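See below for the structure under consideration.
The values are calculated or read from the model by the stated rules, or taken from the named source; none is laboratory data. Predicted model only: the values in this text are computed from it and were never measured. Quick reminder, even Gly has a Cβ in these numbers, built from the backbone with ideal geometry, and neighbours come from all protein chains shown. These area figures cover heavy atoms from the full protein model, side chains too; ligands, DNA and RNA do not enter into them. Shrake-Rupley method; radii C 1.70, N 1.55, O 1.52, S 1.80 Å.
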Amino acid sequence: MRVSNDPGGPAAAPRRSGRTAPLSWPAVVLWLVGITAVLAVTGVVLSRETGLAPFLVFLPTLISGRGTVRQTAVASGWATLVIAGSLIRSPLDGAAANASVLVFAIALNGLSVAQAERRVHREGEITRLRSAAAALQRQILRPFPLATDELTAHGLYEPVEEDSLVGGDVYEVMATPYGSRAFIADVQGKGLPAISTAFSVLSSFREAALAEPTLSGVVETLEKSVLRHNSFAVQTGEEERFVTAFVLGVGSETKVQAINCGHIPPYLIDEERTGRVPLGEASVPLGLASLSSEPRPVKWFDFPYGSTLLLCTDGVTEARNPAGEFYPLEERVVSWKDVPAADIAPTVRHELQEYTRGGLADDTALLILHREPATAPGRPPTRRPEVPP
C-alpha cells in the first residue's frame, strides 16, 4: 500500500487559538482614560467627585476577564492612583473613611491581578492539553493521500480549536486480502473521552479489515469494540457513547459493498450521475445494535472506474452560516464534476470557511475516494467473500 505525505493531510489544517482573544493596549488605554474622564465629568457636574472616583476600582476587574496580567496590573495601578489623588484633593469626612476606601481599592485591585494570572494560567493548560490531543490525532490518523490498487484517497481532517469541542472523527483506507476497505466514523460527544473511543474503534477497524473475510464481520468486530469500551467507561465513571460509521468494501468489480451504521450517506461524483448514493435507511450506530432486531444489511451500489466517492462527518453537513442555514453539500457536489479528486477537499475547506465566516463548530472529516482503473492484466484477482445480488 502506498502512502505519502500531502499538504492536504491532517497536519496541514489551519489552526485557530483557543485562548480568549486578548485586549489590545489601545483598547485598555481607551477604557482607562475614557471611564476616568466620564467619572470625573460626572463628579464635577454632580459635585460628587470623591464619591464617584472609587467606582474605578471595578475597572481592573473587568479588564482581568479579557486582558493580560500586565494590562490588569497597569489598570490596577491607574485606578489606585486616581482614587488616591481624588481622596487627597477632596477627602472624605474622617481619616478612617479615606483609609478604608484606599485599602479596599488596593485589595480589590490585587485580587483582579491574581484573577487575571489564574485565568491566563488555566487557558495555557487547556491549550497545552488540547494541542497534545490534536497532535496525537494527527499522528494516529495517517496523512493523505492514501492509495491501494483500487482507490486513491484524498481528504481533510480539521479539528476545531475550542477546548470543549475537540471531538472524535476518524478515517482509514486500507489494502486487505479482500480488496480495499475504507472507513469513516464520528463518535458521539466531544472532548478527550470521545477521542479515546474514536481511537479504540479505529484500532479495531485496522485489525478487522485485515482479518475478517466479510464486511459484516468487520462491522460486528467494531460493534463489540464499542461495547467493550463502553463497559470500561462505566467502570471509570464516564458516559457510554455510540459511534456513527460508514464502512466500504471495494474489489475489482464496479459494484461495491457498504454498511451504513447511522452515518451520513456517501455522494458519488461522476460524469453520468452525481449526487447522494441511494442506500436506503441507515442502520443503527455502533454500540446500539441491541436496539435493532435485524442485523445491519450489506448494501451494494455502482462505483464506476474513474468516478469519485465523497464521505464526510456532520462537521461538513451541519456547518452553518451566520443566518443559521446549513451548508448545502448536496447542491455543491453537482458543481464538482470537473474538479480533480485531489482538489475537492481543499475546495470544500475553502467553501466551509467562507460559508461559516470561519466559525466551524465541530470537527471536519472528509474522505475523497477516487476509483482507479480495473486491475492490470496478469495481476491476481481480488478475493471476494461476498457476491453482489
Enumerate the pairs (first residue in the stretch 325-342 and free of Cβ contacts under 8 Å to residues at least 60 places away in the same chain; second residue anywhere and of a type in the set (Phe, Trp, Tyr)) with beta-carbon separation below 8 Å, excluding pairs fewer than 6 apart on the same chain, so at least 6 apart or on different chains. Tyr327/Tyr355
Return the only residue of Ala185, Ala194 being in contact with a Phe, Trp or Tyr (Cβ under 8 Å, 6 or more places away or on another chain) and under 20 Å from Ala365 (Cα atoms). Ala185
Contact list please: Cβ distance under 7 Å, first residue in the stretch 295-306 and among the β-branched types (Val, Ile, Thr), second residue modelled with pLDDT of 95 or more, pairs at least six apart or on different chains. Val298/Leu215; Val298/Ser216; Val298/Gln257; Val298/Ile259
For the stretch 173-193, which positions are open to solvent by 10 Å² or more (accessible area, probe 1.4 Å) and of a type outside the set (S, T, N, Q)? Met174, Ala175, Pro177, Tyr178, Asp186, Gly189, Lys190, Gly191, Leu192, Pro193
Would you please name the residue that is modelled with the highest pLDDT, looking only at residues in the stretch 354-373 that are over 18 Å from Ile269 (Cα atoms) and either basic (Lys, Arg) or open to solvent by 50 Å² or more (accessible area, probe 1.4 Å) (or both)? Glu354
Number of the exception - Val243 against (1) modelled with pLDDT under 95; (2) crowded, with 21+ Cβ neighbours inside 10 Å; (3) among the aliphatic types (A, V, I, L, M): (1)
Number of positions in the stretch 322-345 that are over 27 Å from Leu151 (Cα atoms) and either open to solvent by 90 Å² or more (accessible area, probe 1.4 Å) or polar (S, T, N, Q) (or both): 3
Sort through Glu117, Glu125 and tell me the only one that's open to solvent by 60 Å² or more (accessible area, probe 1.4 Å) and more than 19 Å from the chain's Cα centre (by Cα). Glu117
Pairs where the first residue, in the stretch 251-263, is at positive phi and in contact (Cβ under 8 Å) with a residue 12 or more places away in the chain and the second is of a type outside the set (Phe, Trp, Tyr) and open to solvent by 10 Å² or more (accessible area, probe 1.4 Å), C-beta under 8 Å, 6+ apart: Gly262/Thr244; Gly262/Ala282; Gly262/Ser283; Gly262/Val284; Gly262/Pro285; Gly262/Leu288
Among residues of the stretch 279-321, those that are part of a loop (DSSP other than H, G, I, E, B) and either open to solvent by less than 50 Å² (accessible area, probe 1.4 Å) or over 30 Å from Arg357 (Cα atoms) (or both), counted: 23
May I ask you to list the residues in the stretch 269-278 that are in contact with a strand residue (DSSP E or B) (Cβ under 6 Å, 6 or more places away or on another chain) and either outside any loop (DSSP other than H, G, I, E, B) or loosely packed, with under 12 Cβ neighbours inside 10 Å (or both)? Ile269, Arg276
With respect to the numbered conditions (1) assigned to a loop (DSSP other than H, G, I, E, B); (2) touching a residue at least 24 places away in the same chain (Cβ under 8 Å), which one is the sole condition not fulfilled by Leu210? (1)
Complete set of residues in the stretch 257-266 that are within 26 Å of Gly189 (Cβ to Cβ) and in a strand (DSSP E or B): Ala258, Ile259, Asn260, Cys261, Gly262
Could you list, in sequence order, the residues of the stretch 128-154 that are under 19 Å from the mean Cα position of the chain (by Cα) and of a type in the set (S, T, N, Q)? Ser131, Gln137, Gln139
Pairs under 6 Å by beta carbon, first residue farther than 15 Å from Phe246 by Cα in the stretch 178-197, partner among the acidic types (Asp, Glu), six or more apart or different chains? Pro193/Glu238
Only residues in the stretch 59-83 that are farther than 12 Å from Val120 by Cα count as the first member; pair them with residues that are hydroxyl-bearing (Ser, Thr, Tyr), Cβ under 7 angstrom, at least 6 apart or cross-chain, and list the lot. Pro60/Thr72; Pro60/Ser76; Pro60/Ser112; Thr61/Ser112; Ile63/Thr72; Ser76/Ser112; Val82/Thr36
Expected single match for within 9 Å of Gly287 (Cα to Cα), in contact with a strand residue (DSSP E or B) (Cβ under 9 Å, 6 or more places away or on another chain) and surrounded by fewer than 24 Cβ atoms within 10 Å (Cβ to Cβ) among Ser225, Ser252 is Ser225
Set Ser196, Ser203, Ser216: member being crowded, with 16+ Cβ neighbours inside 10 Å and within 24 Å of Tyr157 (Cβ to Cβ): Ser196
